[in-house]
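*Asks:* The following block contains the structure, expressed as structure tokens.
Each reported figure results from applying straightforward, stated rules to the coordinates on display, with no laboratory input. The shown structure was predicted, so the numbers you read here are calculated from the model rather than taken from an experiment. Cβ atoms come from the backbone with ideal geometry, glycine included; neighbour counts cover every protein chain shown.
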Amino acid sequence: MGKSVIVINGPNLNLLGTREPEIYGAVTLADIEALCAGHGNKLGIEIAFSQSNQEGDLVDAIQNAAGSHDGIILNAAAYTHTSIALMDAIKASGLPTIEVHLSNVFAREPFRHHSYISPAAAGVICGFGAKGYVLAIDALADIFEK
């Protein structure tokens with residue numbers, strides 16, 4: 001495999017499938033991982049996964065991605081709206097990062113309309129459910145080709 005991408009998921013995403021299915025659907029995090037691995041395989045991109053409910057663990061995953069991976073897909077969940085530390089880690093990593101959200105954050109509560117991640121990201125995909133991760137893999141594949 002040529003390129004490597006790490007998919008990093010933040011707090012409460014380990015509860016997908018049971019947590020607020022009216023918003024997030026019935027897809028589990030394991031389902032998303034299988035979807036990403038299969039799509040990455042088709043494109044010749046190795047996909048690794050990380051999930052934590054702890055902000056510092058997410059910062060560590062981003063920092064450790066540099067030198068091990070070629071790109072990051074990040075669903076920082078609630079930390080999207082609060083974490084300058086995650087934004088700084090993305091900038092420091094030097095890796096192209098795609099911000100992903102399962103729901104359309106702009107159709108939800110006003111506090112979700114602001115992202116600290118977006119200024120450091122190559123792009124943002126939201127509102128397409130699990131397919132957003134596939135779209136993010138495609139976006140990174142395009143970036144890798146440049």
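*Asks:* Can you pull out the residues in the stretch 66-94 that are of a type in the set (Ser, Thr, Tyr), within 23 Å of Ile32 (Cα to Cα), touching a strand residue (DSSP E or B) at 6+ places or on another chain (Cβ under 8 Å) and buried (at least 18 other Cβ atoms within 10 Å of the Cβ)? Steps first, answer last, please.
*Replies:* Here is the first cut: in the stretch 66-94, the ones of a type in the set (Ser, Thr, Tyr) are 68, 79-80, 82-83, 93.
Within this subset, residues satisfying the condition of being within 23 Å of Ile32 (Cα to Cα) are 68, 79-80.
When the remaining residues are screened for being touching a strand residue (DSSP E or B) at 6+ places or on another chain (Cβ under 8 Å), the result is 68, 80.
Of everything in the stretch 66-94, just one residue is of a type in the set (Ser, Thr, Tyr), within 23 Å of Ile32 (Cα to Cα), touching a strand residue (DSSP E or B) at 6+ places or on another chain (Cβ under 8 Å) and buried (at least 18 other Cβ atoms within 10 Å of the Cβ), namely Thr80.
*Asks:* Go through (1) buried (at least 19 other Cβ atoms within 10 Å of the Cβ); (2) within 13 Å of Ile6 (Cα to Cα); (3) out of contact with any Gly (no Cβ under 7 Å at 6 or more places or on another chain); (4) not hydrophobic (A, V, I, L, M, F, W, C) for Gln63 and report which single condition fails.
*Replies:* (1)
*Asks:* Right, something else. Looking at His114, His39 in this structure, which one is touching a residue at least 40 places away in the same chain (Cβ under 8 Å) and at negative phi?
*Replies:* Criteria check complete, one pass: His39.
*Asks:* Select from the stretch 117-134 the residues that are touching a Ser or Thr at 6+ places or on another chain (Cβ under 9 Å) and not in a helix (DSSP H, G or I) and write down the one among them that is surrounded by the most Cβ atoms within 10 Å (Cβ to Cβ).
*Replies:* Ile117
*Asks:* Please tell me if Ser118 is more than 25 Å from Val27 (Cβ to Cβ) and among the polar types (S, T, N, Q).
*Replies:* Numbers: more than 25 Å from Val27 (Cβ to Cβ): no; among the polar types (S, T, N, Q): yes.
Against the criterion (more than 25 Å from Val27 (Cβ to Cβ) and among the polar types (S, T, N, Q)), Ser118 does not qualify.
*Asks:* Quick check on my filter: what residues within the stretch 95-114 are out of contact with any strand residue (DSSP E or B) (no Cβ under 6 Å at 6 or more places or on another chain) and either of a type outside the set (A, V, I, L, M) or over 21 Å from Cys36 (Cα atoms) (or both)?
*Replies:* Ser103, Phe106, Ala107, Arg108, Glu109, Pro110, Phe111, Arg112, His113, His114
*Asks:* Taking the options Gly40, Gly44, Gly25, name whichever one is surrounded by 15 or more Cβ atoms within 10 Å (Cβ to Cβ), small (Gly, Ala, Ser) and out of contact with any strand residue (DSSP E or B) (no Cβ under 7 Å at 6 or more places or on another chain).
*Replies:* Residue meeting the stated conditions: Gly25.
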